[in-house]
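Input: a single structure, listed below in structure tokens.
Taken together, the values in this text are just the output of simple stated rules run on the coordinates, not laboratory data. Worth saying up front: this structure is predicted, and the values here are computed from it rather than measured. Here the Cβ positions follow ideal geometry from the backbone for every residue, glycine too, while neighbour counts run over all protein chains shown.
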Amino acid sequence: MAKLNIDAGEIEKEEKKKKIIPEKKEKQEKSYKFNTFSGVVVPSVLAIFGAVMYLILPKAVGGVGLMPMLLIIVIAHSVSIATSFSLSAIATNIKVRGGGLYYLISRSLGSAFGGGLGVQLFLAQTVATSFYSIAFARGFNAVLSYFNAALPEVYLAFLACFIFGVIAWFGAKFVIKLQYFILAAIVLSLISIFVGTAPSAGAIDMFTGNMPFWVAFALFFPAVTGIDAGVGMSGELKDPKKSLVRGTFIAIGFTFGMYLILAYKIGYAASSAALFTDPLIIQKIAQVPSLVLLGILLATSSSALSYFMAGPRTLRALALDNIFSSKTRFLGKNIGESHEPRVALLVCLSISLIVVLSGDLDFVSQIVTIFFLNVYGWLNGAAFFEKVSKNPSYRPAFNAPGIISFYGMAICYAIMYLFNPWVMIISILFQIIVFFILYKTKASIKLESVWDGVLFQMLRSVVNKIEKTEKSKKNWRPNVVAFCANDTNRNTLFSILDWIGAHSGMAKFYYLIQGKVSRGVNKRTHIEADMKEHVKENEQDIFPRVIESDNFRMSAETMLQSETIGNLPPNTALIDYDQRFNLGKLAQLVIKLNKNLIILKNNSGFSNFKFIDVWWDDPKNGNLMLLLAYLISHSRTWMDKEATIRLFKVVRNKNDYDTQYSKLNKLINDSRIDNITFKVIVDRKMSIPSIIRKNSHYADLVLLGLPHAKGESIPANISKEIERYTKGLTTSLVVMANDKIDFKIN
């Protein structure tokens with residue numbers, strides 16, 4: 001009764017915990033108060049309408065010409081549109097929390113893969129703040145040039161970056177309110193540009209050669225990455241699923257149209273030379289130049305602020321997921337009562353200030369481009385793999401076509417390759433290295449999520465192909481099912497199974513324990529966990545399972561008939577010598593099922609791994625034993641000891657010696673086994689068991705045929721015969737073949 005009271009008390013405590021936690025979470029949920037427009041559209045539009053629109057677009061139009069620039073805008077936006085489709089599909093399939101793109105990717109591709117991409121995303125967002133700080137400094141100096149003044153650009157950018165970080169410290173709510181004013185100013189500057197007149201007459205230059213196409217693309221592409229600024233606010237949205245989808249498409253559609261119109265306008269309004277050389281040509285086109293100058297300063301600052309909100313939120317999500325280390329979880333902490341990642345903001349600001357010191361706008365924009373392309377590529381890849389894996393749990397409310405996601409992934413890497421193959425390779429290697437570091441060093445991280453579905457679909461397709469393929473005896477592979485009920489021999493049988501079937505075929509291990517299934521679930525689970533740990537530690541490709549049974553023979557018979565993967569039924573049964581299997585009857589069934597039979601008789605285990613003796617009887621059995629010896633001798637354990645196969649044949653009549661010698665010699669030559677010797681023994685008096693014992697008593701492993709077995713006839717006293725033939729030997733495999741294995745095929 002006391003035990004029941006304790007359990008009840010524990011349950012009551014757990015219930016209290018469950019009640020407290022949701023309340024805390026609910027309290028946090030109240031801080032997620034931004035709607036689609038304020039939380040997604042405004043940050044995204046302002047990040048897209050940044051330095052690129054005012055400072056880089058005119059230079060790019062003058063550098064490559066109007067038509068190539070329009071193509072660049074279309075290609076760049078096709079990436080963001082495809083990514084938006086993929087983003088929408090993933091976002092409407094899961095419960096979205098903080099972390100933006102990282103959260104979406106990691107919940108599809110898994111923590112190990114998503115963690116690597118999350119690091120790149122954080123770096124891209126952080127470097128983007130540096131990019132827009134440098135752009136702000138350049139625009140500010142342009143304003144000062146009207147007064148014949150200038151400040152060192154690097155120091156000005158450094159100061160601007162610091163001020164943007166301080167503004168972001170006050171929180172997303174303050175920044176969003178500030179961005180309403182900035183958005184209004186940018187819209188006014190655009191109107192001023194569109195209604196403005198051309199500073200000089202001249203035909204539109206459709207094509208120029210002042211700048212390589214992909215350099216212009218790399219300079220422009222950071223503009224379309226602005227959708228990440230809105231997605232990064234996923235944790236502070238009222239309805240993330242709806243807001244992310246609607247807000248992202250609204251932002252892309254609006255800015256896509258504006259960029260096309262603006263490119264045409266400035267291409268028509270000024271010569272290519274002026275566009276390429278004059279950094280402030282766009283304000284000369286505008287009806288009210290001062291609005292453009294104000295727009296430049298506000299747009300670059302708003303873009304920096306957008307990424308100062310997104311970057312720290314990505315870092316916080318990485319820290320809370322323990323991607324780096326449990327010791328770095330402090331990076332996910334909030335300072336103050338607000339839900340602001342201020343610790344992560346300090347890290348983001350520190351990195352941004354260091355990057356700003358480079359002072360090179362083009363260089364920084366290329367870093368941003370490559371990192372974002374890689375992240376966008378894998379976001380599209382996540383949606384594509386979710387689609388092709390046909391995972392029943394993948395049921396997005398927004399069902400993006402798989403071809404669009406595939407295009408998004410392909411175009412991202414195609415652009416990276418055309419831009420700079422080496423940078424693409426470095427980016428991919430960085431991703432792979434981070435993946436393996438996380439996968440190998442963090443026990444809690446596993447290969448998970450969409451990869452399970454992809455691997456399952458691949459396996460399913462392969463199995464279906466195998467099902468329809470007719471098997472060839474020449475390409476015989478061991479598909480072995482092992483049965484053991486003796487704990488003493490379990491590891492030995494594991495080793496035999498690994499040497500025979502794990503590397504060139506399939507290997508499944510059934511450990512049988514006495515009892516009823518309903519009573520021993522915990523015991524079975526514990527033993528199976530130990531077996532899996534053994535397999536993992538010894539790097540064995542074996543599938544271990546535990547079966548509880550009152551009748552070992554019947555359980556083994558059932559598994560032999562039912563165990564199959566597609567058209568890959570087991571062709572070989574490996575059984576531990578154990579009377580509880582009723583070996584005579586079990587062997588009879590194995591033969592009737594047209595499977596090979598191998599019985600392990602373990603007397604003293606293995607020691608030197610030097611000699612494997614094969615006692616040849618009839619060709620059918622001999623071929624299988626020789627193949628088994630070959631497989632075992634080429635396993636890592638035996639190869640390290642340079643094991644030798646010794647083939648023996650006993651003849652009773654010395655007149656048969658030459659014939660048998662020639663046959664074995666030809667067999668060995670045709671089989672192309674190099675680590676083998678053979679010997680024909682002539683003896684009329686000594687019994688076969690005595691001859692075997694005399695020649696193989698020191699061999700590490702002996703393979704011999706099932707005594708007195710002919711066709712489907714198994715002797716009633718088979719257990720006694722096995723005892724007699726293996727007496728005095730170390731470890732033996734007693735074999736009876738059914739499959740025809742031809743070693744004479746070249």
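By other beta-carbon atoms within 10 Å, ranking 208, 525, 255 with the fewest at the front produces 525, 208, 255.
In this rough spin-label picture, where each label sits 7 Å from Cα along the Cβ direction, the residue 260-residue 561 distance is 6.8 nm. Across the range 489-500, rounded Karplus estimates of 3J(HN,Hα) from the backbone phi angles (6.51 cos²θ - 1.76 cosθ + 1.60, θ = phi - 60°) give 9, 4, 5, 5, 5, 4, 5, 4, 4, 5, 5, 7 Hz, Gly and Pro being marked x.
Residue-wise HN-Hα couplings along the range 621-626, as the Karplus relation 6.51 cos²θ - 1.76 cosθ + 1.60 with θ = phi - 60° gives them from phi, are 5, x, 4, 5, 5, 5 Hz; Gly and Pro carry x. For the range 599-674 and the range 530-555, write down the distance between their C-alpha centroids in whole Å. With the range 599-674 and the range 530-555 each reduced to a Cα centre, they are spaced 29 Å. Applying a threshold of 23 Å to the alpha-carbon distances of 532/727; 173/238; 95/238; 508/601 flags 532/727 as lying beyond it.
Exposure proxy check: 358, 111, 302 ranked by fewest other beta carbons within 10 Å? Write down the numbers at each step before the final one.
Values: 358 15, 111 22, 302 29.
Placing the least packed residue first, the sequence is 358, 111, 302.
All distinct Cα pairs of the range 33-441 go into the 1/r average, and the inverse of that average, the Kirkwood radius, is 21.0 Å. Between residue 682 and residue 437, the modelled label-to-label distance comes to 7.2 nm, taking each label 7 Å out from Cα in the direction of the beta carbon. Suppose we look only past 22 Å in the calculated P(r) of the range 473-736. What percent of the Cα-Cα pairs does that tail hold? Summing the P(r) tail past 22 Å for the range 473-736 gives 56 percent.
Of the peptides 640-647, 728-735, how do they stack up when ordered by the mean number of other Cβ atoms within 10 Å, highest first?
Values: 640-647: 16.6, 728-735: 21.8.
The densest-packed peptide leads the list: 728-735, 640-647.
So, counting K/R as plus one and D/E as minus one, what does the shell of residues with Cβ under 15 Å around residue 607 add up to? Walk me through the intermediate numbers first.
Numbers: positive: 610, 641; negative: 613, 640, 700.
So the surrounding residues net to -1.
Estimated from the Cβ-Cβ distance and a Förster radius of 51 angstrom, the FRET efficiency linking residue 594 and residue 329 is about 0.30. Separation of the alpha carbons by more than 21 angstrom is noted, of 241/387; 610/654; 585/685; 654/685; 610/666, for 610/654; 585/685; 610/666.
Classify the range 136-201: rounded, prolate or oblate, from the alpha-carbon gyration tensor (a ≥ b ≥ c, eigenvalue square roots; a/c under 1.5 rounded; otherwise prolate if a/b is larger than b/c)? Could you put the intermediate results ahead of the total?
Details: a/c = 3.94, a/b = 1.24, b/c = 3.19.
Oblate, since a/c reaches 1.5 and b/c is not below a/b.
Protection proxy ranking, highest mean first, for peptides 269-278, 376-385: 376-385, 269-278, where packing is the per-residue count of other beta-carbon atoms within 10 Å, averaged.
Computed packing ranks the peptides 587-594, 627-634, 349-356, 534-541 as 627-634, 349-356, 587-594, 534-541, most packed first, by mean other Cβ atoms within 10 Å.
Can you compute the FRET efficiency between residue 207 and residue 288 using 1/(1 + (r/R0)^6), with r the Cβ-Cβ distance and R0 = 22 Å? Round to the nearest 0.05. Each step should come with its number before you reach the end.
Numbers: r = 32 Å, r/R0 = 1.45.
E(calc), rounded to 0.05, equals 0.10.
Residue separation of residue 690 and residue 239 scaled by 0.36 nm, minus their Cα-Cα distance, works out to 154.1 nm of gained length.
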